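A short write-up of the structure that comes next.
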Amino acid sequence: EEQYLKISEFRSPQFLQNGPVLFRVRVDNQGKHFLKAGGKILIINMFGQKIGILSVPQQNILANSSRLYKEIVFPETLLLGPYVAELKMDNISGPAVRTAFFVLPLKQFSVAAIILIFLLIIKKRIKIRLGRLRQSKEKHR
């Protein structure tokens with residue numbers, strides 16, 4: 001059986017500061033008749049756990065044309081680290097198509113880093129003052 005449907009595009013932003021994650025899928029119909037295409041996107045975290053399944057709605061694709069799905073959204077907002085998304089279309093044989101993205105909430109990390117640096121400076125100053133107090137007590141003995 002000849003394969004007329006083909007995934008020509010599957011992508012998301014490669015780097016994000018937070019969710020949601022937007023996916024673009026383009027399916028080409030290289031046949032002479034309209035065909036239906038639909039499927040699923042599986043979201044996998046850095047530990048290999050499946051954390052989400054998104055539906056790619058089944059739609060008609062006219063002969064010798066393509067269908068762009070651009071409003072497929074993974075709604076999770078609390079994300080951190082690398083993720084892989086696998087696209088498997090129902091009427092397309094072969095392995096799943098993959099794309100990867102990385103989420104790092106820079107704003108939250110910068111605030112945490114500034115607070116940590118501030119606390120370390122305070123700790124160092126307290127140690128210096130305690131050392132001076134001990135030295136002055138030893139001198140007065």
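The values are calculated or read from the model by the stated rules, or taken from the named source; none is laboratory data. All values derive from a computational prediction rather than experimental measurement. In this analysis, Cβ positions are derived from the backbone assuming ideal geometry, glycine residues included, and neighbour counts consider all displayed protein chains. SASA here: full protein model, heavy atoms, side chains in, ligands and nucleic acids out. Shrake-Rupley method; radii C 1.70, N 1.55, O 1.52, S 1.80 Å.
Of the residues making up the range 92-129, those that are assigned to a helix (DSSP H, G or I) and either touching a strand residue (DSSP E or B) at 6+ places or on another chain (Cβ under 6 Å) or among the β-branched types (Val, Ile, Thr) (or both) are Val111, Ile114, Ile115, Ile117, Ile121, Ile122, Ile126, Ile128. Consider the range 92-111 and keep the residues that are open to solvent by 60 Å² or more (accessible area, probe 1.4 Å) and of a type outside the set (A, V, I, L, M, F, W, C). The one that is nearest to Asn29 (Cα to Cα) is Ser93.
Residue-wise test of (1) among the polar types (S, T, N, Q); (2) touching an Asp or Glu at 6+ places or on another chain (Cβ under 9 Å).
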residue: Phe15; (1), (2): no, no
residue: Gly19; (1), (2): no, yes
residue: Gly38; (1), (2): no, yes
residue: Asn45; (1), (2): yes, no
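Is it the case that some residue within the range 110-124 is closer than 22 Å to Gly19 by Cβ, among the hydroxyl-bearing types (Ser, Thr, Tyr) and at pLDDT 90 or above?
Our first condition is that a residue be closer than 22 Å to Gly19 by Cβ; within the range 110-124, this holds for 110-113.
Next, from what is left, pick out any that are among the hydroxyl-bearing types (Ser, Thr, Tyr): 110.
Then drop every residue that is not at pLDDT 90 or above, which leaves none.
No, the range 110-124 contains no residue that is closer than 22 Å to Gly19 by Cβ, among the hydroxyl-bearing types (Ser, Thr, Tyr) and at pLDDT 90 or above.
Close Cβ contacts (under 7 Å, 6 or more residues apart or on different chains) running from residues in the range 2-18 that are hydrophobic (A, V, I, L, M, F, W, C) to residues that are surrounded by fewer than 16 Cβ atoms within 10 Å (Cβ to Cβ) and part of a strand (DSSP E or B) comprise Phe15/Phe102.
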